[in-house]
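The structure under discussion appears below in the form of structure tokens.
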Amino acid sequence: MEEKTYIFEGKTTNEAIEKGLRELKTTKNKVEIKVLEEEEKKTFFSILEPKVVKVEIKLKEGVKPKPKVTKEMGQVMQELEAFVHDFMAKLPIKDLAYTIKKEENLIKIDIHDERAAFLIGYRGETLNSLQNILSNVASNDKQEKVRVLLNISNYREKREKDLTNLSNRIAESVIKTRKSVTLEPMSAFDRKVVHSVLQNHEQVATHSIGKEPYRKVVVSLK
């Protein structure tokens, strides 16, 4: 009988293995495990742009995987709403207004209160970390990853506008001085905005360098 092989991913080797064993509903003594990609040492904020670890799990002869029952989106919404409700109840500032909306495979969470600014953090670091936690809650025990977009007091829109203006100014400077400019370390969200603003620029190009949490965008002449 041909052995069955499956690939699983995680932020660490152990997480990927545990995920595989859980989904296959089996134990280590019934499988063969091969690490395909080793994880690198990470800092806390590198979870914003994780390097995925992959492991290959092969069922030994005669072992069959048990069917996995995954959550429906309705259940995902219920669990996420409960998590957000409990989280908000533990905050020092009470009665913060928020909404949770579903758009296909995207769940948008908006906190509409200026008093929640302390949840944004420096350049959105706390906001992005919270978003990552919420994404993990939503995707737990679900085969397809559920995207969660967290916004607080329209921070995303304000930050995008500021970065758009910054990107255009930097582009003008690069063209004028004919020297590349390396921006300060940015989150994955911020870097994406800069790349998007300048991706179709006729005279400059962008690329990222370094590792999290010190990854930076470089703007240079084409």
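The values are calculated or read from the model by the stated rules, or taken from the named source; none is laboratory data. Since we're looking at a predicted model, the values are computed, not measured. Here the Cβ is made from the backbone with ideal geometry for all residues, glycine too, and neighbour counts use every protein chain on show.
Could you tell me whether any residue of the range 125-139 is assigned to a helix (DSSP H, G or I), not assigned by TED's automatic domain parsing to the domain that holds VAL84 and not charged (D, E, K, R)? Taking every residue of the range 125-139 in turn, none turns out to be assigned to a helix (DSSP H, G or I), not assigned by TED's automatic domain parsing to the domain that holds VAL84 and not charged (D, E, K, R).
Kindly establish whether ILE133 is closer than 25 Å to LEU21 by Cβ and either at pLDDT 90 or above or in contact with a His (Cβ under 8 Å, 6 or more places away or on another chain) (or both). Taking the combined requirement at face value, the residue satisfies it. When the test is whether a residue is assigned by TED's automatic domain parsing to the domain that holds ASN140, in contact with a strand residue (DSSP E or B) (Cβ under 7 Å, 6 or more places away or on another chain) and at pLDDT 90 or above, LEU96 passes it. GLU104 - would you say it is at pLDDT below 90, acidic (Asp, Glu) and over 25 Å from TYR155 (Cα atoms)? Against the criterion (at pLDDT below 90, acidic (Asp, Glu) and over 25 Å from TYR155 (Cα atoms)), GLU104 does not qualify.
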